[in-house]
Structures are given as structure tokens and as C-alpha cells.
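As C-alpha cells, the structure follows; a few thoughts come after it.
The values are calculated or read from the model by the stated rules, or taken from the named source; none is laboratory data. These figures come from a predicted structure and were not determined experimentally. Glycine also receives a Cβ, built like all others from the backbone with ideal geometry; neighbour counts cover every protein chain displayed.
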Amino acid sequence: SSLSLFPPLYISLLLLVKMATQLKQLADVTSVSMSKMAFTAALGNSIGPFEQDTPLKYQRILSNIGGGYNPATGIFTAMVRGMYYFRYTMYNNNSGQPNSVVSLMMNSQRMVSTWDTVGDDSHDSASNAAVVQLEAGDSVFVNLYANRVLYDDGYYYNTFSGFLLFTL
């Protein structure tokens, strides 16, 4: 009669092991899919000047694996804690005085910048990049400063890219 308890207990243990295995497989799949974050977007139109600093909204999406980049806001949002690489380009084609200043921003903190406000040439391009640690929910965007401009057209000179190097 005490032996009759063992088969149900054995079956319960088997079910528990099977459920634990399935839960681990689900966690592994979720971890892999969240660790794939990469995007590149291009501006495509001239922009500015604005009376206040403005996040650039890159509308032409070349890739957006993981969905971290939002073209409606111009903001990349980290889905997982990790080390990320970001790069942007800035281009102006202003006859006369160049007037382009942008920065790569993490939340509200300036990380790196490009500046072109002096010179008598009319075709200037600059880029900058950074490797930064982000927490899940942190945001990264390119900021165009007040009273500054960028030139762009169908050749897509201004781009913003980023990807997750590894999770932490």
C-alpha cells in the first residue's frame, strides 16, 4: 500500500523535470532573440534650423533587428543591459557659412559630437562613434542643436547606426 504512492510521485517528478526543461528552453530562446539588436537608418531630407535642440528622426530604415530603433521619435531604446556600439554621420552642403552641430546622446547626456561652423567650402561631412554600456530602457539618439541645419537628399548622407556587442 505504501508502494502505491511511488508511481504518482515518480510521474510528478517526471512532469516537473519536463516543465523545468521547457522553461529553460523558453528562457534560452528569449535571451537569444533579445541579444540580437542592430539598426541603421538614414535621414533623406534636409532638416533645421529649429528654435530648440531636436532629436533627429531618421526615416529610411535599412535594418532594425530587435526593433530597438523608433523612426517616429528617432530614439534607440536598449532592450537588454550590455555594451553597445553607435555611429552617426553628419553632412552639410551650405553655400556660404556651414552651420551643422550634432551630438550622440545617451538619455540626456552628451557622449560625442561633430561640429562644422567655420569654413568657406560648401561640402562637409563628419562622423563620430562610441561604445557605451546601457541598461535596459536607456535611450540613445542624435541631437541637432538649436539654430543648426543638416543637408540631405536621396543619396542619404546622414545616417545613424547601432548594435549590441554583448550582454552584461
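Would you confirm whether any residue within region 144-155 is of a type in the set (G, A, S), surrounded by fewer than 22 Cβ atoms within 10 Å (Cβ to Cβ) and either under 20 Å from the mean Cα position of the chain (by Cα) or not assigned by TED's automatic domain parsing to the domain that holds M90 (or both)?
Looking only at region 144-155, we keep the residues that are of a type in the set (G, A, S), and these are 146, 154.
Okay, now just the ones that are also surrounded by fewer than 22 Cβ atoms within 10 Å (Cβ to Cβ), so 146, 154.
Remaining after also requiring either under 20 Å from the mean Cα position of the chain (by Cα) or not assigned by TED's automatic domain parsing to the domain that holds M90 (or both): none.
The answer is no; no qualifying residue exists.
With the requirement that a residue be surrounded by fewer than 17 Cβ atoms within 10 Å (Cβ to Cβ) and either part of a strand (DSSP E or B) or under 12 Å from the mean Cα position of the chain (by Cα) (or both), what does region 38-69 give you? Answer for region 38-69, where residues must be surrounded by fewer than 17 Cβ atoms within 10 Å (Cβ to Cβ) and either part of a strand (DSSP E or B) or under 12 Å from the mean Cα position of the chain (by Cα) (or both): A38, P55, R60, I61, L62, S63, N64, I65, G67. Just one of the numbered conditions (1) closer than 14 Å to S46 by Cα; (2) among the polar types (S, T, N, Q); (3) over 15 Å from the mean Cα position of the chain (by Cα) is not true of T159: (3). Of the residues making up region 149-166, those that are farther than 26 Å from G66 by Cβ and in a loop (DSSP other than H, G, I, E, B) are V149, Y151, D153, G154, Y155. Being touching a Phe, Trp or Tyr at 6+ places or on another chain (Cβ under 6 Å) and either under 22 Å from A38 (Cα atoms) or among the hydroxyl-bearing types (S, T, Y) (or both) is the requirement here; does Y157 meet it? Yes, satisfied.
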